[in-house]
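> Next up is a structure, given as structure tokens.
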Amino acid sequence: MKKVEARRRVYEFLDTVDGDPTRAQGRAVRCCEMALNLYAEYGDMAEARGLLRGGLMQRDADYGSIYRGWIAMEADHAGNVDFARALFAEWRALCGDNNGGFWCRYIAFEARHGGARRARDVAEAAVQACPGEPAVHAKCARLELLLGHEGRAFAVLARGLAAFDSDAAAQEWLVDQVRVYRDALRRRTLAGRLRSCCRAVMASRRPRGYERLQTV
């Protein structure tokens, strides 16, 4: 009975705001929040999926916001990585190939959940689909840095710079994006090594008063 009541409230909300294009993003965010609450309350994705699918079927739906929220729920909360990957295919079919934001999120998803090979395959598809999108080239170079291949990262960057040989602003932006990310990764690596060294040093030190205890 509680599920029926929850579903009724959800669809009443969707009906009241359906078709208002000025509220599309807010409606999508609210839809994702309500879906997450349903999942948290009932422990499965069935009710949440029904709500999210209904959100996608509304007029002037904000597909990007709903798919982003849904994919995060499936992969990070429910552990359904394959289902989340299928949602990317749906999103691509609805929005087309020339959506740089879609491709950047897809690359990040595969880097986190699919491994190097899948992520690189998506990165190549992204460059083919959006050769004129600087963010896609930057994301591909940053992927290689994340995977620990700095040489490949700069080769990808060089390809991106060549694609914008007549756009100095785009080239400068690309270089800045890759350099800042590389420096951030290096700082993170250095911080991790320093923490490890500190733990090793602290573990090797005898506690204060150790020598005095030995003489008692």
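FYI, it's all coordinate maths here, none of it is from the lab. Please read these numbers as outputs of a predicted model, since none were measured by experiment. All Cβ positions, glycine included, derive from the backbone under ideal geometry; neighbour counts span all protein chains shown.
> Can you give the local net charge around VAL180? Use residues other than it whose beta-carbon is closer than 14 angstrom to its beta-carbon, Lys and Arg +1, Asp and Glu -1. Kindly include the intermediate steps, with their values, before the conclusion.
On the way: positive: LYS139, ARG142, ARG179, ARG182, ARG186, ARG187, ARG188; negative: GLU172, ASP176, ASP183.
Net charge in that neighbourhood comes out at +4.
> Could I ask something else about it? Rounded to the nearest 0.05, what FRET efficiency do ARG112 and ALA135 give with R0 = 25 Å and r taken as the Cβ-Cβ distance? Could you check? Present the calculation step by step, with values, prior to reporting the outcome.
Details: r = 18 Å, r/R0 = 0.72.
Calculated transfer efficiency: 0.90.
> Just add up the charged neighbours of LYS139: K/R +1, D/E -1, any other residue whose Cβ is under 11 Å from the Cβ of LYS139.
Working: positive: ARG105, ARG142; negative: GLU133, GLU144.
Once positives and negatives cancel, what remains is 0.
> Does segment 56-166 classify as rounded, prolate or oblate by the C-alpha gyration tensor (a ≥ b ≥ c root eigenvalues; a/c under 1.5 gives rounded; else a/b over b/c gives prolate, otherwise oblate)?
Numbers: a/c = 2.88, a/b = 1.46, b/c = 1.97.
Since a/c reaches 1.5 but b/c is at least a/b, the shape of segment 56-166 is classed as oblate.
> Ok, one more. Could you give the dipole magnitude of segment 45-202 about its Cα centre, charging the beta-carbon of Lys and Arg +1 and that of Asp and Glu -1, in debye to the nearest 20? All intermediate terms of the calculation are to be shown ahead of the outcome.
Working: 23 positive and 19 negative charges, 174 e Å.
Its charge dipole is roughly 840 debye.
> For segment 36-107, with only Lys/Arg (+1) and Asp/Glu (-1) charged at the beta-carbon, what is the dipole magnitude about the Cα centre, in debye rounded to 20?
Details: 7 positive and 10 negative charges, 43 e Å.
About 200 debye.
> Given the Cα-Cα distance of THR189 and ASN37 and 0.36 nm per residue of separation, how much length would full extension add, in nm? Walk me through the intermediate numbers first.
Working: separation 152, 0.36 × 152 = 54.72 nm, distance 3.66 nm.
Additional length available on full extension: 51.1 nm.
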